[in-house]
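The values are calculated or read from the model by the stated rules, or taken from the named source; none is laboratory data. Here the structure is a predicted model, which is why all the values come from computation and not from measurement. Every residue, glycine among them, receives a Cβ derived from its backbone with ideal geometry; neighbour counts consider all protein chains shown. Just so you know, the surface numbers come from the protein's heavy atoms only, side chains and all, with ligands and any DNA or RNA stripped out. Shrake-Rupley method; radii C 1.70, N 1.55, O 1.52, S 1.80 Å.
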Amino acid sequence: MSGSFGKVGVLYGGKSAEREVSLMSGAGVHEALCSRGVDAHLFDTGMRTLAELADEKFDRVFIALHGRYGEDGTLQGALELLGIPYTGSGPMASSLAMNKIMTKRIWLEAGLPTPGYAALVGEADLDAAIEKLGVPLIMKPPHEGSTLGIVKAQEVTDVPGAYREAAKFDDVILAEQFITGRELTIAILGAGETARALPLIEIVAPQGNYDYEHKYFSDDTQYLCPAPVSQEVAQHVADISVRAYQALGCEGWGRADVILDEQGRAWLLELNTSPGMTGHSLVPMAAKAVGMSYPDLCMHILADARCKVGHLTTQKS
Ligand SMILES: Nc1ncnc2c1ncn2[C@@H]1O[C@H](COP(=O)(O)OP(=O)(O)O)[C@@H](O)[C@H]1O
Ligand SMILES: [Mg+2]
């Protein structure tokens with residue numbers, strides 16, 4: 001099977017705030033593909049141009065990039081134009097999922113549970129947001145990943161400061177109801193009707209402090225897979241997450257972040273269309289729980305690589 005993929009590019013690094021993580025993801029994917037006999041080559045999109053990418057004449061590429069210019073649909077559009085089959089979602093689903101406000105609009109229209117929100121364009125919008133959402137609330141730059149610029153406002157008086165911090169990263173800021181509960185994440189493979197969830201993961205961070213440092217560099221955070229929840233809750237989270245993935249038109253693979261509140265209701269936070277693939281990463285952890293090794297997972301994702309425009313899968317919400 002490996003020979004049939006031809007010359008494979010592993011796109012990594014890139015120019016986003018998540019470059020550091022992507023360098024680790026790409027190195028892991030490259031090593032895994034090589035171990036399976038794939039003719040895989042690392043290609044750093046942060047250091048090399050699109051013209052150089054075209055010159056490489058890759059038969060297909062594995063996208064191990066996170067954030068802007070890698071996960072957000074721009075690169076996917078370029079690969080469509082170049083006619084190079086690529087892993088993961090197409091341009092539309094990638095750009096929708098990269099924007100947390102657009103994502104919530106689609107989910108709400110599909111009747112999926114996501115915390116109440118307001119889109120803020122300036123400090124003049126803060127009073128209305130507090131009125132609508134109450135406190136605590138959370139401010140997020142809608143485009144960033146990896147918890148950069150995400151600030152919780154515990155009290156009304158914290159709201160302007162939280163807004164200003166988030167506003168360093170984006171022009172429009174997402175204010176969202178804060179949900180107190182358990183932090184879950186769930187990986188999804190496939191597309192359309194065949195999309196399926198892997199076992200649910202619970203993330204238990206010290207003092208619930210799930211920030212950037214803890215996510216990638218701390219040994220204190222615990223990951224429980226399968227998450228210790230009832231079969232019923234696990235099934236419900238899998239159902240809404242697969243529907244959330246389908247509603248955005250995602251393909252290949254992805255990972256939804258979910259919070260389970262104290263009443264046992266699950267709330268969708270976001271969908272990552274090109275999640276981390278480092279040694280600590282969550283999709284490989286979920287795959288392992290069903291007997292799929294890291295190289296198996298890479299091969300599975302690579303086997304699904306294709307150009308998507310013109311043959312989008314039927315979307316069901
Ligand atoms: N509405 C919310 N209520 C409670 N916690 C939240 C909420 N939104 C985000 N968080 C916390 O912040 C983390 C990062 O938020 P998320 O929307 O997943 O953005 P990203 O992972 O792109 O930085 C979540 O994993 C969760 O711990
Ligand atoms: Mg997240």
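Taking the criterion of being within 14 Å of ligand 1 (Cβ to nearest atom), open to solvent by 30 Å² or more (accessible area, probe 1.4 Å), touching a residue at least 12 places away in the same chain (Cβ under 8 Å) and more than 30 Å from Val309 (Cβ to Cβ), would at least one residue in segment 97-115 satisfy it? Among the residues of segment 97-115, at least one is within 14 Å of ligand 1 (Cβ to nearest atom), open to solvent by 30 Å² or more (accessible area, probe 1.4 Å), touching a residue at least 12 places away in the same chain (Cβ under 8 Å) and more than 30 Å from Val309 (Cβ to Cβ), which makes the answer yes. Checking each residue in segment 1-47 for being of a type in the set (D, E, K, R), open to solvent by less than 40 Å² (accessible area, probe 1.4 Å) and modelled with pLDDT under 95 picks out only Glu18.
With a requirement of 1 or more residues that are within 15 Å of Asp261 (Cα to Cα) and at pLDDT 95 or above, the strands (runs of 3 or more DSSP E) lying completely within segment 174-240 that satisfy it span 181-189, 201-204. Restricted to segment 1-96, the set of helices (runs of 4 or more DSSP H) holding at least 1 residues that are more than 19 Å from Val309 (Cβ to Cβ) comprises 19-35, 50-56. Filtering segment 235-242 for residues that are open to solvent by less than 50 Å² (accessible area, probe 1.4 Å), more than 14 Å from ligand 1 (Cβ to nearest atom) and more than 17 Å from Gly111 (Cα to Cα) leaves an empty set.
Taken together, the criteria exclude Ala303 from residues that are touching a residue at least 40 places away in the same chain (Cβ under 8 Å) and under 19 Å from the mean Cα position of the chain (by Cα). Of the candidates Val258, Val283, the single residue that is within 16 Å of ligand 1 (Cβ to nearest atom), in contact (Cβ under 8 Å) with a residue 24 or more places away in the chain, under 17 Å from Ser89 (Cβ atoms) and among the hydrophobic types (A, V, I, L, M, F, W, C) is Val283. Could you tell me which residue of segment 258-284 is nearest to the chain's Cα centre (by Cα), considering only residues that are within 15 Å of ligand 2 (Cβ to nearest atom) and open to solvent by 20 Å² or more (accessible area, probe 1.4 Å)? Step by step, filter segment 258-284, then rank; the result is Asn272.
Residues in segment 243-256 that are within 16 Å of ligand 2 (Cβ to nearest atom) and either open to solvent by 20 Å² or more (accessible area, probe 1.4 Å) or touching a Lys or Arg at 6+ places or on another chain (Cβ under 7 Å) (or both): Arg255 alone. Of the residues Leu65, Leu79, the single one that is open to solvent by less than 10 Å² (accessible area, probe 1.4 Å), closer than 30 Å to Trp267 by Cα and aliphatic (A, V, I, L, M) is Leu65.
For segment 144-170, the set of residues classified as away from ligand 2 (no atom under 13 Å from the Cβ), of a type outside the set (A, V, I, L, M) and within 21 Å of the chain's Cα centre (by Cα) consists of Lys152, Phe169, Asp170, listed by residue number. Selection of segment 120-161 for residues being more than 12 Å from ligand 1 (Cβ to nearest atom), in contact with a strand residue (DSSP E or B) (Cβ under 6 Å, 6 or more places away or on another chain) and open to solvent by less than 20 Å² (accessible area, probe 1.4 Å) yields Leu120, Ala129, Val159.
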